1. Within the range 148-181, count every residue that is within 16 Å of ligand 2 (Cβ to nearest atom) and of a type in the set (S, T, N, Q).
2. Looking at residue 232, is it buried (at least 17 other Cβ atoms within 10 Å of the Cβ), within 26 Å of residue 119 (Cβ to Cβ) and within 15 Å of ligand 1 (Cβ to nearest atom)?
3. When you check residue 465 against the structure, is it crowded, with 18+ Cβ neighbours inside 10 Å, at pLDDT below 95 and within 25 Å of residue 429 (Cβ to Cβ), yes or no?
4. Can you say whether residue 197 is under 19 Å from residue 48 (Cα atoms) and within 16 Å of ligand 2 (Cβ to nearest atom), as far as the supplied structure shows?
5. Report the residue count in the range 167-187 for those that are touching a residue at least 24 places away in the same chain (Cβ under 8 Å) and in a loop (DSSP other than H, G, I, E, B).
6. Looking only at the range 500-529, filter to residues that are charged (D, E, K, R) and within 30 Å of residue 299 (Cα to Cα); which one of those is nearest to the chain's Cα centre (by Cα)?
7. Every residue in the range 273-303 that is within 16 Å of ligand 2 (Cβ to nearest atom) and at negative phi, please.
8. For the range 476-485, state whether one or more residues are closer than 30 Å to residue 315 by Cβ and part of a strand (DSSP E or B).
Amino acid sequence: MTPKKTYEQLRSARWMVPDDQRSFGHRSRTMQMGYDPADWEGRPIVAILNTWSDAQPCHMHFKDRVEWVKRGVLQAGGFPMELPALSLSENFVKPTTMLYRNLLAMEAEELLRSHPVDGAVLMGGCDKTTPALIMGALSMGLPFIFLPAGPMLRGNYAGKYLGSGTDGFKYWDERRAGTISREEWQGIEGGIARSYGHCMTMGTASTMTAIAEAMGLSLPGASSIPAADAGHQRMSTQCGRRVVEMIWEDLTPDRIVTPASVENAVTVAMATGCSTNAIIHVIAMARRAGIPLELDDLDRIGRTTPVVANIRPSGSNYLMEDFYYAGGLRALMKQLGDKLDSTAITVTGKPLTDGLDDVKIWNEDVIRPLTNPVYHEGSLAVLKGNLCPDGAVIKPAACDRQFHRHKGPALVADSYAELKKIIDDPDYPLTPDTVLVLRNAGPQGGPGMPEWGMIPMPKALLKLGLRDMMRISDARMSGTSFGACVLHAAPEAYVGGPLALLRTGDMVEMDIPARSLNMLVPDEELAARRAAWTPPPPRYGRGYGLMFSKHIEQADKGCDFDFLKTEFGPKVDEPAI
Ligand code: FES
Ligand code: MG
């Protein structure tokens, strides 16, 4: 390590060093916590943003794991300062964590700005926590490492593996079809999530932590370590040690997150089978670093990057635990060979591709070679057309191939309540080619773009033995979902996007190879419907929701708040002390 900074040049020294009354206060209050000057003098202060809470099962271990981070910080001569941050549990936070991703991003940025810290370890992993913490820390610009929570152990019931989300959805369809007893259902309930850690399918959590690592923001190999593996403690301590060095080296995120590192992150995401949610987050993260990533870039990279991680839901059998045993994300990167840009560096200060030659792939059925992929191109496709001029996304790898080219009549629901009436009625008149549409579920309409996009199969089709159909919404879907679901239609219906003009009975045509999605309605008719359309009433009259509605951007722009964007205004000054 070559130090580039002296102690006096550290940011925290402004709080701790001057011989004045304010610094007297900072020092005496540090002593109030039981420390003496030898604990902090000459040492960088490391913020540890901890998203632990009693409402966050995926981060349950962070209460303990933070001690391992502190241990590393202390070993390297730093002073740790744990700062709790919003825990954003996917399961408990309503109406959806997506409503609050930007709130956590703001919290992360302002926690770092307002406290006497020189760098940070960000502890996250459950879906939104990863992009939120990183977005905030990128905007603040201090050296940081992202510490991924790690996937939970495989689910298990009756000797069979269970995957988070994916198997819940699958067996719920069976339960609704009447093929699973109450006892079996309860067994699945107790077996599907049996340790701390984030969802262990290749859902949003696993995709986002893979993206963070591929972008260079985690220690190499960190994102694949299961939460319950002792390697996770060791990695936590290493994060603590390394961030102290990064502070001395002044290894700020603008040196790590570059167009090359973003390209690497997207390539790796595509090769994992990539949650659709990741698209929104990776766009938002890149834009915080001043890199104008677009949906078209994702489609371009996707077309030439095969899915090589054979993990549910895109893959057939395996889960994140198997992925780790097969060599983890580093092994996947090795399979990608020269698709990765070797100029991008990581928190280690070295190229992402450094050391990949020595990485072993232990199971080539789990982490496939490019010559034998799970799916021949990336798992996401971006569709455009008169239903979604700014784009919509679909996961062709996770849907029945017969829907890759599909034409059928629309059946439109304006709200989730309306949709429920359709899907719960075993005699509802619909056909296998029906295109089921849910609108007003976007960023503003949802509000917060809930994960309603994997619309449950209607009972009327389930009883015919069908398990997939074409569905369209302006919502998101859980990264662990599957099916012929078109998502994120932009602009959303609630703000007058063309999805608002679609009517039941209109023919809809999707062609995934051609990347198109259209309603077969003449332009004059659409113009007449547009003239007759009235905007729905605002969702919020006060509070955070009002701010959200006024400033949230559409899905194709990453759903950031306009005022948080890097280019929005002048850089925020350091606080007066
Ligand atoms: Fe936390 Fe899935 S619920 S990652
Ligand atoms: Mg999820």
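1. 2
2. Values: buried (at least 17 other Cβ atoms within 10 Å of the Cβ): yes; within 26 Å of residue 119 (Cβ to Cβ): yes; within 15 Å of ligand 1 (Cβ to nearest atom): no.
Here the answer is no, as residue 232 does not meet what is asked.
3. no
4. On the way: under 19 Å from residue 48 (Cα atoms): yes; within 16 Å of ligand 2 (Cβ to nearest atom): yes.
Yes.
5. 1
6. Within the range 500-529, the match that is nearest to the chain's Cα centre (by Cα) is 515.
7. Passing the criteria: 275, 276, 277, 278, 279, 280, 281, 282.
8. Step one: of the range 476-485, the residues closer than 30 Å to residue 315 by Cβ are 476-485.
Checking the rest, the ones that are also part of a strand (DSSP E or B) come to 485.
Scanning the range 476-485, I find at least one residue that is closer than 30 Å to residue 315 by Cβ and part of a strand (DSSP E or B), so the answer is yes.
The values are calculated or read from the model by the stated rules, or taken from the named source; none is laboratory data. Please read these numbers as outputs of a predicted model, since none were measured by experiment. Every residue, glycine as well, gets a Cβ built from its backbone with ideal geometry; the counts of neighbours run over all protein chains shown.
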